[in-house]
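Engineer: Dumping the structure here so I can ask a few things about it.
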Amino acid sequence: MIVLGIESTAHTFGVGIVTDEEERFVLADVRVKYVPEKGGIHPREASRLFAEKGPEAVKKAFEEAGLTIKDVDAVAVALGPGMGPCLRVGATIARMLAAYYDKPLVPVNHAVAHIEIGLKVTGARDPVVVYLSGGNTAVLAFVSGRYRVFGETLDIALGNLLDTFAREVGLAPPYVVSGKHVVDICAEKGRDFVDLPYVVRGQDVAFSGLLTAAVKMYKSLKGREGDVCLSLREVAYGSVLEIAARCLMQTGKREVMLVGGVAASPVLREKLMAFAKYYGVEHYVVPPRYAVDNGVMIAWTGLLAFKHGVRIPVEEAIIRQRWRVDEVDIVWRR
Amino acid sequence: MEALTRLSRLVEEVRTVDKVVKVLERCEELSVGAEARVLRCRFLGIDAVAKLRLPKPFLDPRIDAKLRVSRTRKEARAILKALELGVRAPVPLWIDEESGLLIMQFVEGILLRDYVVEKGWCDDTCRYFEILGEFLGKMHGGGLVHGDPTTSNAIINPLGELYVIDFGLAEFSNALEDKAIDVHIAFRAIESTHFVAEQEFKNCFLRGYSRTYDRWRDVVARVREIRTMGRYVERRRTVWGEDRE
């Protein structure tokens with residue numbers, strides 16, 4: 001079976017083509033990335049780029065795979081969660097392909113796709129999932145047919161915290177320099193710990209108070225900028241790992257897996273390794289290539305879903321900006 | 001008197017984890033939790049639980065030490081406050097903040113979580129959710145929030161009495177927000193673990209909670225707001241009021 005998947009939830013327009021017939025499951029992986037000149041993602045600007053480059057990306061994916069639309073069994077698309085204008089571009093292209101070429105359309109939840117591609121490429125079987133990205137911070141585990149949310153942020157996401165901090169104090173953009181986040185680079189100069197609010201409430205975290213305090217402190221403590229970066233990062237990562245530990249205990253799972261854009265952080269990987277050793281569980285980290293948004297993960301999740309009968313009529317395939325991960329029945333995993 | 005002398009001698013000894021384990025006799029590990037190791041021991045002849053917060057290698061040592069001391073201290077104070085407010089909780093017996101040690105009464109019994117999972121929806125399980133609600137209401141009325149009031153943190157003893165345990169994340173607070181988050185956490189535990197009768201269990205809980213805490217309506221309203229803050233909820237509050245995109 002061959003499935004084409006389209007991702008366009010935020011800053012990346014991705015087209016992936018995958019198969020379950022060969023060991024090498026990725027047949028095509030095309031990505032168009034929107035990079036803001038300043039500030040964060042501007043949904044209108046991003047969607048404009050997607051509309052401009054999207055059709056070309058689809059064509060390029062077919063070329064890369066050496067296939068045509070006729071060879072494809074289904075078209076999968078990320079219908080949410082994400083930014084409305086961005087989602088609409090991917091959804092429009094996917095609906096067009098499905099309707100015009102008479103292909104089944106498969107709805108995919110972006111967060112579920114991050115988890116599924118993680119399982120596929122790391123070989124983890126039933127982990128506690130730590131999902132960290134610019135827009136998401138959640139600790140999930142598969143229980144009774146769904147990826148259930150055991151803990152999440154009550155306000156802003158971890159990636160958002162780091163990016164906004166970096167922007168506010170003038171460290172970014174760019175946010176990532178040679179594979180490292182600018183906050184991590186700044187933290188390398190840190191030696192002392194400054195007092196920042198550490199907020200864990202039950203199984204949830206909250207970062208907005210931390211952001212405000214860190215920005216204020218960075219600007220007032222001249223010469224100690226590195227200390228603020230270090231403390232910010234340690235508090236943020238520490239609190240996320242703490243809620244992950246709570247989920248491990250509550251579910252009794254024996255694995256932990258890190259997915260999402262922030263999984264690329266080398267510092268976080270190291271911490272996760274120490275974390276896994278401490279709790280005596282296996283740890284898995286999605287390689288950076290598949291940790292960030294991409295079309296392959298949508299195609300792969302679409303393939304799993306399609307094989308179990310999941311599809312959606314074109315006229316019902318509307319985008320859902322706030323489609324929660326725990327609303328999706330994971331029919332292919334029982 | 002002899003016990004007191006022994007205790008005062010222990011003060012010095014109880015400085016390191018190793019030594020603590022020596023003064024505790026016949027220890028068996030009950031659990032390695034997310035936060036601490038929990039042992040059941042004889043402490044001066046008393047059937048006791050020793051909760052040890054050990055250093056975590058994945059945290060910055062300075063944050064780690066700070067959290068360990070403050071949480072151990074706060075936990076003991078919170079339990080005493082809860083007992084004062086009429087909540088059944090294990091009585092603290094000994095504390096050493098620096099080594100992250102808290103020794104308290106051992107509560108025999110089964111976790112409310114396991115009890116509910118086994119029995120499902122029935123009058124008995126409903127009654128226990130009601131009592132849990134009552135206890136949380138009493139705490140909230142007295143300016144105490146538990147921090148993690150899930151069914152994994154409640155024990156039913158052989159007499160059928162419910163105990164609230166693990167005050168490790170408790171806070172002294174009268175803020176509506178903190179109380180609402182407590183209730184939110186209780187609800188989420190119901191949703192993730194006791195989804196067989198989600199709404200029914202929540203109603204039982206609220207029946208107890210509203211009986212012991214007069215501002216319960218405000219709290220429940222705030223819980224609803226907090227839930228719309230979670231990422232990507234379908235209904236989110238905007239400046240125009242509740243809206244559906």
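The values are calculated or read from the model by the stated rules, or taken from the named source; none is laboratory data. Since we're looking at a predicted model, the values are computed, not measured. Reconstructed Cβ throughout: ideal geometry from the backbone, glycine too, with neighbour counts over all protein chains shown. Side chains included, ligands, DNA and RNA excluded: accessible areas come from the protein's heavy atoms. Shrake-Rupley method; radii C 1.70, N 1.55, O 1.52, S 1.80 Å.
Engineer: Taking all protein chains together and a probe of 1.4 Å, list A:329, A:20 from the most accessible to the least accessible.
Structural biologist: On the way: A:329 90, A:20 55 Å².
Of A:329, A:20, the descending order of accessible area is A:329, A:20.
Engineer: Using Cα atoms only, what is the angle between the long axis of helix A:295-307 and the major principal axis of chain A, expressed in degrees (0 to 90) to the nearest 10?
Structural biologist: Approximately 60 degrees, to the nearest 10.
Engineer: Let me ask something else about it. Give me the angle, in degrees from 0 to 90, between the Cα long axis of helix A:43-65 and the longest principal axis of the Cα atoms of chain A, rounded to the nearest 10.
Structural biologist: For A:43-65 against chain A, the angle is about 50 degrees.
Engineer: Sticking with this one: Give me the residues in the stretch A:263-280 whose solvent-accessible area, probe 1.4 Å, is reduced by at least 50 Å² once all protein chains are included instead of the chain isolated.
Structural biologist: A:278, A:279
Engineer: Please work out the C-alpha center-to-center distance from the stretch A:40-64 to the stretch B:84-146 and express it in whole Å.
Structural biologist: A separation of 54 Å, based on Cα centres.
Engineer: Relative to the Cα centre, what is the charge dipole magnitude of the stretch A:263-320, using +1 at the beta carbon of each Lys and Arg, -1 at the beta carbon of each Asp and Glu, and rounding to the nearest 20 debye?
Structural biologist: Details: 7 positive and 5 negative charges, 36 e Å.
Roughly 180 debye for the stretch A:263-320.
Engineer: Test of the criteria: in the stretch A:51-150, which chymotrypsin sites (Phe, Trp or Tyr not before Pro) are in a DSSP loop and have at most 13 other Cβ atoms within 10 angstrom of their Cβ?
Structural biologist: Loop-located and lightly packed - A:101.
Engineer: What percent do you get for the relative contact order of chain A when only Cα pairs under 8 Å and 6+ apart count?
Structural biologist: So the answer I get is 26 percent.
Engineer: How high is the FRET efficiency from residue A:168 to residue B:121, r the C-beta distance, R0 56 Å, rounded to 0.05?
Structural biologist: Once rounded, the FRET efficiency stands at 0.65.
Engineer: Please return the longest range in chain A lying between exposed loop sites, taking GluC sites (Glu not before Pro), DSSP loop only, at most 16 other beta-carbon atoms within 10 Å, and leaving the sites out.
Structural biologist: Of all site-free stretches, the longest is A:38-187.
Engineer: Taking the Cα centre of the stretch B:110-244 as origin, sum charge times position over the Cβ atoms of Lys and Arg (+1) and Asp and Glu (-1), and report the length of that vector in debye to the nearest 20.
Structural biologist: Charge dipole, the stretch B:110-244, about its Cα centre: 480 debye, nearest 20.
Engineer: Tell me the carbon and sulfur percent of the accessible area for the stretch A:148-274, rounded to whole percent, probe radius 1.4 Å.
Structural biologist: Carbon with sulfur: 54 percent of the solvent-accessible area.
Engineer: In addition: Can you tell me the mean projection area, over all orientations, of the convex hull of the stretch B:107-153's alpha carbons? Units nm², please.
Structural biologist: Averaged projected hull area, Cα only: 3.6 nm².
Engineer: Using the Kirkwood radius built from alpha carbon pairs, what does the Stokes-Einstein equation give as D for the protein assembly as shown at 10 °C and 1.306 mPa s, in µm² per second?
Structural biologist: 62 µm²/s
Engineer: Which net charge results when you count Lys and Arg as +1 and Asp and Glu as -1 among the other residues whose beta-carbon is under 12 Å from that of residue A:45?
Structural biologist: +1
Engineer: Mind giving me the nanometre distance, one decimal, between the label points for residue A:96 and residue A:219, set 7 Å out from Cα along Cα→Cβ?
Structural biologist: 4.5 nm
Engineer: Still on this structure, I have one more. Just to confirm my understanding: which cysteines in chain A have no other cysteine beta carbon less than 4.7 Å from their beta carbon?
Structural biologist: A:86, A:247
Engineer: Let me ask you something else. Leaving out ligands and nucleic acids, and using a 1.4 Å probe, what accessible area per residue does the protein assembly as shown come to in Å²?
Structural biologist: 43 Å²
Engineer: Among A:262, A:215, A:15, which one moves the most in a GNM of chain A with springs linking Cα atoms closer than 10 Å?
Structural biologist: Largest GNM mean-square fluctuation: A:215.
Engineer: Output the 0 to 90 degree angle, nearest 10, between the alpha-carbon long axis of helix A:225-251 and the longest principal axis computed from the alpha carbons of chain A.
Structural biologist: Approximately 60 degrees, to the nearest 10.
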